[in-house]
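This report refers to the structure that appears directly beneath it.
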Amino acid sequence: MAEGDVGSDQRQNEEIEAMAAIYGEEWCVIDDSAKIFCIRISDNIDDPKWTVCLQVNLPSEYPGTAPPVYQLNAPWLKGQERADLTNSLEEIYTQNIGESILYLWVEKIRDVLIQKAQTAEPGPDVKKKTEAKDVRCGNNLIVQRQRENAVQTLDLNISERVPEIEESPPVDHGVPITDRRSTFQAHVAPVVCPQQVKMVLAKLYENKKIASATHNIYAYRIYCEDKQTFLQDCEDDGETAAGGRLLHLMEILNVKNVMVVVSRWYGGILLGPDRFKHINNCARNILVEKNFTSSAEESSKSLGKKKVKKDKKRSEH
C-alpha cells in the first residue's frame, strides 16, 4: 500500500469514528470493509416531517484527491429539488478539496430539510408517503455505537503576543460513561491562549481523582484573529492516537477557543476500538451541551479557508 493510501485510510477511520460519535444511532455501517456507510437525516429528530438517507462510499483516494461516492435516497426527492441538493453537495466538495466533508454534507442536507419544513408545503401527505415507502439505509444494518507531568510538558514558547492571564478559566465536567469497569469523563473550558491551557490542566490535576486517572487525553483549538489561523495541539497521555482523534473531532465540529480533556480510569478489561468511541462521545456531548459547536455554514466557510498552525510537540509518550 502506498504511503498516501495509508494516510488516507487513517484520516477516513478518524472521520468515521467522529461521525459515529456525533450522530450516534443516525449513523449506520453497511459494509465496513468496503467503507460503505449511511446516515438518516431529518429536519427534526423528535418529530420528523422530511427525511433523506445519505449513503456514501469512501474511495481510497478520499479525502486527498477524490470525493465520496454518494447516493441520496428519499421518495419525495425528485427533479429540481434533487438537482439543487446535489449541486450544493458538490459545491461543498470543490470548496474543501483535501478536507473531510461528510459532516458538512450531512448538516447541509439537514439545513435544506429544515427550510423545507418551514415552508407552506403540506407535511402529512409526505409523511404518509414515507410510511408507505420507508427510507432505508440498507438491509440488516449494523448501527455504529459504539498527570502532573502532562502539565509540565506543555510548551509555551510561542512568538504570538498573548494577554497576561491571572485567573484560570472555568471548567465544566461532563457525565461519565462507564463500560466494562472503565470510566470516561470529559472536562471542557474556554481558552484563548496556551497559558490558559496550562492553567486548566493544573486546575484539573488539583483534583486527586482526575490526577489518578490512567489517561488524561486533551486537545485544544485557539483562533488567532489577526492571522486568521488556528493554534491547536493535542496530547495522548499514553493512549496512543487518542489525542489526534479528539482533535480531529473538534476540527469537524469547527469549535474554537476551547479545550477538552477526557479522563479515563482503566478498569482492567481491554475495550479495543470502543475506547475511542467513548472518548469522542464524551467530548462531543459536553461541547454540544456547553454550546461550543457552530453551524454547518460556518464550518464550511472555515474549512474552505483554513490554515492550521500546530504547536511543536515536546516529548513522546
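Could you run through the stretch 21-66 and say how many residues are in contact with a strand residue (DSSP E or B) (Cβ under 9 Å, 6 or more places away or on another chain), open to solvent by 50 Å² or more (accessible area, probe 1.4 Å) and either closer than 21 Å to Ser8 by Cβ or in a strand (DSSP E or B) (or both)?
5
Spot the failing condition for Ala189; the list is (1) crowded, with 18+ Cβ neighbours inside 10 Å; (2) more than 17 Å from Ser263 (Cβ to Cβ); (3) at pLDDT 90 or above, and only one is missed.
(2)
Give the stretch 202-227 a look and list any residue that's over 25 Å from Ile101 (Cα atoms), open to solvent by 30 Å² or more (accessible area, probe 1.4 Å) and either in a helix (DSSP H, G or I) or charged (D, E, K, R) (or both), or say none.
Ala202, Lys203, Glu206, Lys208, Lys209, Ala211, Asp226
Please enumerate the residues belonging to the stretch 228-282 that are closer than 11 Å to His215 by Cβ, in contact with a Gly (Cβ under 7 Å, 6 or more places away or on another chain) and not in a strand (DSSP E or B).
Across the stretch 228-282, the qualifying residue is only Asp236.
Which of (1) surrounded by fewer than 21 Cβ atoms within 10 Å (Cβ to Cβ); (2) in contact with a strand residue (DSSP E or B) (Cβ under 6 Å, 6 or more places away or on another chain); (3) among the basic types (Lys, Arg) does Arg181 not meet, given it meets every other one?
(2)
For (1) at pLDDT below 90; (2) under 25 Å from Glu289 (Cβ atoms); (3) in contact with a helix residue (DSSP H, G or I) (Cβ under 9 Å, 6 or more places away or on another chain), each residue gets a yes or a no:
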| residue | (1), (2), (3) |
| --- | --- |
| Pro163 | yes, no, yes |
| Met199 | no, yes, no |
| Lys203 | no, yes, no |
| His215 | no, yes, yes |
| Arg221 | no, yes, yes |
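The values are calculated or read from the model by the stated rules, or taken from the named source; none is laboratory data. Computed from a predicted model, the values in this text were never measured in an experiment. So basically every Cβ, Gly included, is an ideal-geometry build from the backbone, and we count neighbours across all protein chains shown. Ligands, DNA and RNA are stripped out before the accessible areas are found, and what is left, the full protein with its side chains, is counted by its heavy atoms. Shrake-Rupley method; radii C 1.70, N 1.55, O 1.52, S 1.80 Å.
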